[in-house]
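Structure first, commentary second.
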């Protein structure tokens with residue numbers, strides 16, 4: 001994956017051939033925060049600085065910084081899928097939450 005993490009924030013990383021540098025954008029928040037660097041070290045430093053600047057700007061204007069994700073996920077799924085998940089979780093001796101967490105983690109690693 002082309003991601004980078006710092007201080008509970010994740011960033012999506014791309015390479016711009018036109019600009020000959022790596023470009024990052026903080027993911028999972030509505031505010032648009034970008035940064036760039038010619039190499040991984042510069043990119044990582046710029047990412048940390050972007051997060052720091054974002055947090056300082058929020059404090060300065062009295063606004064709570066957005067966090068990427070809370071860890072709560074609401075899904076609407078067909079009842080038959082819900083039943084199949086419940087059965088799969090029970091068979092493995094896990095709660096639906098633990099079973100789903102493992103399945104989603106495995107799926108997102110690909």
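Where a number appears in this text, it was derived from the coordinates with a stated rule and is not lab data. This structure is a prediction, so every number in the text was calculated from the model and none was measured. Positions of Cβ are backbone-derived with ideal geometry, glycine not excepted, and every protein chain shown enters the neighbour counts.
How much length is gained if the chain between residue 8 and residue 96 is pulled fully straight, taking 0.36 nm per residue apart and subtracting their Cα-Cα distance, in nm to one decimal? Write out the running numbers ahead of the final one.
Values: separation 88, 0.36 × 88 = 31.68 nm, distance 2.55 nm.
Once the chain is fully extended between residue 8 and residue 96, it gains 29.1 nm.
Quick one: if the Förster radius is 41 Å, what FRET efficiency do residue 60 and residue 107 give, using the C-beta to C-beta distance and rounding to 0.05? Intermediate results must be reported in sequence, preceding the final value.
Working: r = 40 Å, r/R0 = 0.97.
E between residue 60 and residue 107, to the nearest 0.05, is 0.55.
For the pair residue 52 and residue 77, label points projected 7 Å from Cα toward Cβ lie 4.3 nm apart.
What 222 nm value per residue comes from the helices of the chain, counting each DSSP H run with n ≥ 4 as -39,500 (n - 2.57) and dividing by all residues, nearest 500 deg cm²/dmol? Spell out each step's value before the answer.
Numbers: 3 runs with 48 residues, N = 110.
The helix-only estimate for the chain comes to -14500 deg cm²/dmol at 222 nm.
Shown here: mean projected area of the Cα convex hull in nm², derived from the displayed model; of the candidates [x] 7.9; [y] 12.6; [z] 9.7, it corresponds to [z]. Each label was represented as a point 7 Å from its Cα along the Cα-to-Cβ direction; for residue 85 and residue 31 these points are 3.2 nm apart.
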